[in-house]
Structure formats: C-alpha cells, structure tokens
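Beneath this line is the structure, given in structure tokens, with notes to follow.
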Amino acid sequence: MTTTEASAPGKIILFGEHAVVYGQPAIAAPVSQVRARAWVADADAAASAGADADSAVCIHLTNLDYHYTLSEAPADDPFAAAIRLLQQEARLESLPSLSITIHSDIPIASGLGSGAATAAALLRALALHLGLSDFAGDAQVSRLAFAVEQLHHGTPSGIDNTVVAYEKPVYFVRQQPENRIEPFTIARSLSLLIADTGVSSSTKTVVGDVRRQWQAEPARFDALFARCGQIADQARQAIEAGDIAQVGALMNQNQELLRQMTVSSPALERLIAAALSAGAIGAKLSGAGRGGNMIALINEVAAPPVRAALLSAGARAVLASIIGA
Ligand code: PMV
C-alpha cells in the first residue's frame, strides 16, 4: 500500500497585512520549522463495500483526534471542501477508497497561516497520490488553497496560500487578472524571533472589522493602507540592499499604522515593548492581529536577551527563524 506525503510551512507577514486585502503590496515569508503534513493512502475497498464512494474516503485529524468520512463532513469542513474541489477540477467521477491523515504543528488562529498550510499539504498529497501531477505544482496548489480559504475568510488577499505553496519569501500584490507574485533577493539574512501571545484570534472577524472601519471612514483608511504599501516597497528595497536597521525602523512604522487600524492588542503591545527594550531592531504584530503572533527583528547577539524578555512578558512560545539563510 503506497502512502503519499506532502507538507507546507507556516508563514509570517513581514509587512503589509490588512492593507494587502485592499490591493497594497505586502511581504511574507515561510516559517519552515513549523509545518502542516498530509498523508494519503489507499484504503481497504472491501471494508467499505456497499457504502457510497464518499464514505470510502476517511479523514483523520490527528491534532483533534477527530475522524470522519467525506460523506459525514459538515458543510463548512475545509478538508472536505479541498477534496471535492480537486475532484471537481480534475473531473473525477468518483474517488477511490482513501485514508487521509492531516497533522499540523502550526498553532491555529495565531497568524501563522495554519489554514492555508493544511489545505496546501492536503491538496498536494492528494493530487500526487491520484497521479494528477498538473494539480500538484505550486501555482495550482496555491490557487486551490485560495479557493478553500475563500470559504472561510470571505475576502482573503491570497498572500497566505501563495507563500505556503511556493515556500519562498514573496512580494505580493493582490490584483486582477493575476496577482503579482515576486520572489526577491535577501542581501543579508533577517533573524527573527516569533512570539505567540497565546490569544487566539479569528482572521475572518478581524478582517471584517477592518472592513467596517474602512466603510465608515474610507479616506482615513485608504490613507493608512497606502502608507502600509509604501512601507512594504521601502522594506523590499532595504531587504534587497541588506539594510537591516532600515528594515527594523520600517517594521516599527508598520506597527504604528496597525495600531491605528485597531488590530493590535494589549498582549501584542506587551511583547513588542519587551522585545524593543531588550534590543530588538524592530517589532510588529504579524497576521490579522488582536492576538496571535508578533515578530521581532534581532541581531544574533541580542537573541538570548530578547527571547528572555518575550518569555517574561508572557509569550506562550518563542520560535527563531532566519529568512534568507
Ligand atoms: O491571520 P493570518 O495569518 O491568516 O493573516 C491574515 C493576513 C491579512 O492580511 C490580515 C488577511 C489576508 O487575507 O491577507
């Protein structure tokens, strides 16, 4: 019995969250140490003889110890949605008997892209297992993971699925007919500490709340978004030039704009202040905000004191990540 495995990394948004939903550029990078994984294996067809084809596809979510068949899946189940989407796109009348296992060590609802990563890992493993190599490439996995995200987040920008499917730092602009997705040079690697507030936060809720504020005050919010876009452009230049001090200064400026959008929170502010006073070059929230993770740019010597400061300020966990290593 062959088993096909695929995985996808977590991600951070370095610059431009929220503004990216409104067409401004943003920069994101994969966090490869935390991953979502999917395994697809042929199941024993005899065991499900007589059952309908959908009940012959079993899904095992190991993190939740939750096991169900495709036919039992609730209407809003993202994994069932991903499986049906691939089946539909590949014009498969039916699926063989399958056992699908999904595991993720990316914390959920924390701004690290767990939803996009689990969808991408599942889509890639299933496409490879079914011999649908046309659907297993980065662009197709990203496109289908975006369609799954749309069911959940309403108006995702597309940056999460892009960075986890390509597993490369990207400069991203949401636009028609096709998003602008550009890998770029990282002249000097960026050392980051990623600290979890332990507060879970729904991307859909926070994105919806920013939308309501934008609708109430369009001119003010358009100006905030445009300024975030300029910062992302300046940050790309600074990263390409290896100007770490400038990257840090721009992170702090981006954080100030996120505060004005009301997406920061006391827990995030405590971690940001602790990191900066312990010697971080720049710090900001990453992802939707109101909880989840923050990122601090450091030089290697500052890593131990900044990590200690984050933990004593209440960080649930601190991950180190080097972008461009
Ligand atoms: O919270 P996350 O990791 O899903 O990141 C959301 C990023 C936003 O810009 C707030 C939304 C989006 O779709 O780009």
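Quick rundown of the values:
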quantity	calculated
Yes/no for residue 290 being part of a loop (DSSP other than H, G, I, E, B) and among the basic types (Lys, Arg)	yes
Unmet criterion (only one of (1) hydrophobic (A, V, I, L, M, F, W, C); (2) within 16 Å of the ligand (Cβ to nearest atom); (3) open to solvent by 10 Å² or more (accessible area, probe 1.4 Å)) for residue 228	(3)
Strands (runs of 3 or more DSSP E) contained entirely in the stretch 161-202, each with at least 3 residues that are out of contact with any Phe, Trp or Tyr (no Cβ under 9 Å at 6 or more places or on another chain) and open to solvent by less than 60 Å² (accessible area, probe 1.4 Å)	190-196
In the stretch 293-321, residue farthest from the ligand (Cβ to nearest atom) [restricted to those that are assigned to a helix (DSSP H, G or I) and open to solvent by 30 Å² or more (accessible area, probe 1.4 Å)]	301
Considering residues of the stretch 143-160 that are open to solvent by less than 30 Å² (accessible area, probe 1.4 Å) and within 10 Å of the ligand (Cβ to nearest atom) only, the residue nearest to the chain's Cα centre (by Cα)	159
Residue pairs meeting the criteria (Cβ under 6 Å; at least 6 apart or on separate chains; first closer than 18 Å to residue 216 by Cβ, in the stretch 255-266; second within 13 Å of the ligand (Cβ to nearest atom) and open to solvent by 60 Å² or more (accessible area, probe 1.4 Å))	263/290
Counted residues, the stretch 55-112 - those being within 16 Å of the ligand (Cβ to nearest atom), open to solvent by less than 60 Å² (accessible area, probe 1.4 Å) and on the phi < 0 side of the Ramachandran plot	6
Subset tally (residues that are among the basic types (Lys, Arg) and closer than 23 Å to residue 30 by Cα) for the stretch 241-288	1
Residues of the stretch 272-290 that turn out to be within 16 Å of the ligand (Cβ to nearest atom) and open to solvent by less than 50 Å² (accessible area, probe 1.4 Å), as a count	6
Residue within the stretch 238-246 that is open to solvent by less than 20 Å² (accessible area, probe 1.4 Å), in contact with a Lys or Arg (Cβ under 7 Å, 6 or more places away or on another chain) and on the phi > 0 side of the Ramachandran plot present	yes
Cβ pairs under 6 Å, 6+ apart, first in the stretch 89-111 and under 17 Å from residue 135 (Cα atoms), second in a loop (DSSP other than H, G, I, E, B) and open to solvent by less than 50 Å² (accessible area, probe 1.4 Å)	90/132
Residue within the stretch 296-309 that is under 28 Å from residue 149 (Cβ atoms) and not assigned by TED's automatic domain parsing to the domain that holds residue 114 present	yes
Filter result for residue 128 (at pLDDT 95 or above, surrounded by fewer than 23 Cβ atoms within 10 Å (Cβ to Cβ) and closer than 29 Å to residue 3 by Cα)	yes
Odd one out for residue 140 among (1) in contact (Cβ under 8 Å) with a residue 40 or more places away in the chain; (2) touching an Asp or Glu at 6+ places or on another chain (Cβ under 8 Å); (3) open to solvent by 50 Å² or more (accessible area, probe 1.4 Å)	(1)
Residue 51 assigned to a loop (DSSP other than H, G, I, E, B), modelled with pLDDT under 95 and open to solvent by 10 Å² or more (accessible area, probe 1.4 Å)	yes
Any chance residue 210 is touching a helix residue (DSSP H, G or I) at 6+ places or on another chain (Cβ under 9 Å), more than 13 Å from the ligand (Cβ to nearest atom), open to solvent by less than 50 Å² (accessible area, probe 1.4 Å) and in a helix (DSSP H, G or I)	no
Conditions (1) surrounded by fewer than 16 Cβ atoms within 10 Å (Cβ to Cβ); (2) in a strand (DSSP E or B); number of the one not met by residue 205	(2)
Of all residues making up the stretch 183-197, the number that are more than 15 Å from the ligand (Cβ to nearest atom) and either modelled with pLDDT under 95 or in contact with a Gly (Cβ under 7 Å, 6 or more places away or on another chain) (or both)	8
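The values are calculated or read from the model by the stated rules, or taken from the named source; none is laboratory data. Everything numeric here is computed off the predicted structure, so don't read it as measured data. Don't worry about glycine lacking a Cβ; one is built from the backbone with ideal geometry, like all the others, and counts go over all protein chains shown. The accessibility values were calculated without ligands, DNA or RNA, using every heavy atom of the protein model including side chains. Shrake-Rupley method; radii C 1.70, N 1.55, O 1.52, S 1.80 Å.
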